[in-house]
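The structure appears right after this line, and notes come after that.
The values are calculated or read from the model by the stated rules, or taken from the named source; none is laboratory data. Everything numeric here is computed off the predicted structure, so don't read it as measured data. Don't worry about glycine lacking a Cβ; one is built from the backbone with ideal geometry, like all the others, and counts go over all protein chains shown.
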Amino acid sequence: MIKGQGSIQAHLPQILTGLLIWGIVAGLVWFTRGLPYTDEGAPGPRFMPVLLAVFLGILNVLYWVDVFFFQRGGKLDLPRVSDLVRPAGFILVGVLMIFLWERLGVVATVLIASFIELKGIQGYSWTRSIWVGLLFSLSTWVLFQLILRVPLPAGPFEFLLSL
Amino acid sequence: METIYLLLKGFSVALTPENLLLCAIGVITGTLVGALPGIGSAGACAILLPATFKLGPVGSLIMLAGIFYGTQYGGTITSVLMKVPGESASVVTMFDGNPLAKQGRAGVALGLAAIGSFVGGTLSILGLMLFGPVLANYALELGPAEHFSLMVLSLSLVCAFTGESIVRGLIATCFGLILALVGQDIMTGQPRLTFDFQQLLDGIEFLPVAVGMFGLSETIESFEKKQSMEMIKADLGFFKVLPSLRDLGQSLWAMVRGTVIGFLIGIFPGAGPTISSFISYGVEQRISRHPEQFGKGALAGVAGPETANNAATGGALVPMLSLGLPSSPSTAIMLAALIMFGLKPGPSLFREAPELVWGLIGSLYIGNVLLVMINLACIPLIVLFMDRIRAYLPLAILLLSAFGVYSYRNSVFDIGIMILFSLVGYGMRKIEFPQAPVILGVLLGGPAESSLRQAMVMSDGNPAIFVTRPLSAAFLCLTLASLILPPIFLRKRPKQD
């Protein structure tokens, strides 16, 4: 009998990981189906994806064997949902930056993102969040646009560049 | 004689005001990054790589290398004073460094660590100078089959040394290799796994993946953890951190042993500073006349590992410069920098770009001198700076990452890829999959596939070429050994604390 058979719930993250890996294996085979396996006798563009899919499939079986038979990696230090609020907020700030980057330009984007991160996630005061946000906003602009000459989007503030 | 001539030429490159400044910026950044928990050398190198594009290949590499070995110095400060290692390679230093600090000898611990780091770092560069060119000459004779087998060996060693499970390491490697498949096929030009995204035709860029997985994912995790970071108050003035002759005498042989251990282990892909510091600590404890003092403030327990982790950085540069093989995520990022500048990493680099290789070696000597001066003289300043900046670090990392990744191709898509891989990296940490193999897989995937297919073309599609050519067969045997032997040894070894 499999040692961990009675504790499927305890191994749920590993089961889900394994299923995800199976998904990647299937995806590799499926999404490269239109490519030739060989090219004039030598390996073609599909050779490596299929080779990797086979390896990954074998390794995934070994992964589950490792988890269920040898009980390795059984106790994961997974965060509670409440622990994930701040990390999720941080990621959302990143996503917001992508959304605003070209629409508002980087100066306004950094100001907004900094303010949300400092006030909303770290819990600093309004004044401190605004001042530090302004400082970050201007210093990144000076460093990347003026010193490193990276062409950054200015959004509605394009006219400032011509001043 | 030729080596001395080339080294002098390297010093003439490294001592130009611009390169000297970049070296100083690199080592100072490295020291601060190493001291700050939540961001490692790979993350810092990845985040700052785009900012070095305008500097040219020599300047860029000098700065990145400065960050790489500077972090090994900086990690010690928090290990000793806060019992929070800034870098994984400084975990061991905490065992004896923190008790020393509690005994009022923080200055001695930090001073010994700085001197040990200097000894290890400097002597390992000598090793790099001696072994690097020799290895590169041999490597020039390798054909595609040998190249492929060598890359497989390199990836397998990374799996063997990284994380607890080789299976998970191999899965992570496969994941990295799969990411490297995305884009136009190297030989036929057909789009592969691009899902009709124009931006993916050139493949998934290494930079957003590396920044996301190493820079941002660590920051995301730091939001989740609430570490207590109480600092031990200590007098860290210049004369307080200078160890006495007696202290130095007690630690001298530990430093010598640490240098040898660190350099040799650093050469192996995946091993690097962390493992070398642990092995050095184990060796020191085993051969000590007073093993009972370890964990309570033994000087050799600080000097040995600190020397070893810095010597490992010199060792890690040997395969990177002479074979074009990264042995750690940080060296992978330096290799990526070379590729981005249109250079071909590998054995021909010593011949085709001597000013780059020897300029880098020259800067390593200079950087180590700068670091020991900074670490002996400016520890109170570093501690004060860390205290002030810590609160704004996550935001600074997010902004620098986003700007850095954007500036590479002026593409918001790349920032999206970075955010995506920060989530992937965070998820991998949580389910205990190592991230280093993914990064190395992304970097080596293209060249490995290219070598595999070239070798198969040479042999008319016969895979036997990999086992009939002696050197290739030897590399593959070593690959098998690296995958089979560690679990056997681990099982036979009695369980110890």
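Listed here are the helices (runs of 4 or more DSSP H) enclosed by segment A:12-108 that have at least 3 residues being within 17 Å of B:R168 (Cα to Cα) and facing another protein chain (nearest Cβ under 10 Å): A:12-31, A:47-68. Considering segment A:1-11, the residues that are among the small types (G, A, S) and in a helix (DSSP H, G or I) include one that is modelled with the highest pLDDT, namely A:S7. For first residues located in segment B:200-225 and touching a residue at least 12 places away in the same chain (Cβ under 8 Å) and within 19 Å of B:I339 (Cβ to Cβ), partners that are assigned to a loop (DSSP other than H, G, I, E, B) and among the basic types (K, R) and lie 6+ apart or on another chain with Cβ distances below 6 Å do not occur. Residue count for segment B:140-171, restricted to those that are in contact with a Gly (Cβ under 7 Å, 6 or more places away or on another chain) and among the hydrophobic types (A, V, I, L, M, F, W, C): 6.
Inclusion of B:F175 among residues that are at the interface with chain A (Cβ under 9 Å from one of its Cβ atoms), within 24 Å of A:W22 (Cβ to Cβ) and in a helix (DSSP H, G or I) is warranted.
Being farther than 25 Å from B:P208 by Cα and in contact (Cβ under 8 Å) with a residue 40 or more places away in the chain is a description that applies to B:G367.
The helices (runs of 4 or more DSSP H) falling completely within segment B:1-90 that include 1 or more residues that are within 14 Å of the chain's Cα centre (by Cα) and buried (at least 21 other Cβ atoms within 10 Å of the Cβ) map to B:17-35, B:41-48, B:56-82. Counted as qualifying within segment B:392-476 are the helices (runs of 4 or more DSSP H) with 3 or more residues that are within 23 Å of B:S88 (Cβ to Cβ) and more than 9 Å from chain A (Cβ to nearest Cβ), namely B:412-430, B:436-458. Only one of the listed residues (B:T307, B:T274) is among the polar types (S, T, N, Q), modelled with pLDDT under 85 and closer than 30 Å to B:A65 by Cα. That residue is B:T274.
When the residues of segment B:372-404 are filtered to those that are in contact with a Phe, Trp or Tyr (Cβ under 9 Å, 6 or more places away or on another chain) and at pLDDT 85 or above, the one that is nearest to B:E221 (Cα to Cα) is B:P394. Scanning segment B:178-210 for residues that are within 11 Å of chain A (Cβ to nearest Cβ) and not in a loop (DSSP other than H, G, I, E, B) yields B:I178, B:L179, B:A180, B:L181, B:G183, B:Q184, B:P191, B:R192.
Residues in segment A:109-154 that are surrounded by fewer than 17 Cβ atoms within 10 Å (Cβ to Cβ) and either within 15 Å of B:G404 (Cα to Cα) or at the interface with chain B (Cβ under 8 Å from one of its Cβ atoms) (or both): A:S139, A:V142, A:L143, A:L146, A:I147, A:R149, A:P151.
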